[in-house]
Amino acid sequence: MNLRDENFYDFIRQFAGKKVAALLSFQECNSVDSFLGCQDVTAILHLESDELIDLKKNMCITLSNGSIYLLPGIESSIMHLTKLFKNKQEELIKQSKRRQSITISSVSSTPNIISNNLSPKTVVLGNSSIHQSTSNALPNSYLTVSPPATHVLANEIKSRISNTIIEWFKHNKDKLSLINIDFNEGSDFQVELNNNQEGIIVRCKCGTTSAIGQKQGVLMVRNMCFSSL
């Protein structure tokens, strides 16, 4: 679809023949776009001009009344060429729309946090820092975060993960007996992205650190220490 000039004409010669290529070259139809932009590439043959005499002899027969008749094989080749280019153009448009749809879906999707077998614990908050009063670890519980699209900027990834963590606490505030749920990334906790196997690090204001790893396409925090958030 991106062929131009001689490369385009070479393709036309192979697919539709030398005469069709000569007709397009004479009219400067040197690309797919210019070819499809012409409503009828044979219309020029109906004009009266000395410059068209040789072209008409190669592509048409002249009737006794002086009118010309385009050779059926040439007409058929042009029809098939037009169909080929239009089908290819439609296919490229569909592929482009599918890629745009996938990109939009990846960027706009919201990470989902799930808690399984969550055992209620009393969590005491002081000065917007989260501290667990009975234990640092919460057994048999984990968070899962759908991994964000790799093409999304790092700041947006961190923001999405931070918002997901905050929303998870709000959703589970009764089970955790939370007094304060007004958390802020950067002051109460910090999300860090790195290129090693740890992947994503969550650091709490109190100094505790937890790594979010990846398993089977899902980012996970197992046996989560909630003070690390």
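Values quoted throughout were computed directly from the atomic coordinates according to the rules given, and no laboratory measurement underlies them. Fair warning: this is a prediction, and the values are worked out from it, not measured in the lab. Cβ coordinates were reconstructed from backbone atoms using ideal geometry, including for glycine residues, and neighbour counts include every protein chain displayed.
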- Item | Members of the stretch 14-23 that are out of contact with any helix residue (DSSP H, G or I) (no Cβ under 6 Å at 6 or more places or on another chain) and of a type in the set (A, V, I, L, M) | Ala22, Leu23
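Please note which helices (runs of 4 or more DSSP H) are completely contained in the stretch 15-80 and include at least 2 residues that are farther than 20 Å from Met1 by Cβ and out of contact with any strand residue (DSSP E or B) (no Cβ under 8 Å at 6 or more places or on another chain). Spell out how you get there, then give the answer.
Working: elements: 18-26, 32-37, 53-59.
Of the helices (runs of 4 or more DSSP H) lying wholly inside the stretch 15-80, those with at least 2 residues that are farther than 20 Å from Met1 by Cβ and out of contact with any strand residue (DSSP E or B) (no Cβ under 8 Å at 6 or more places or on another chain) span 18-26, 53-59.
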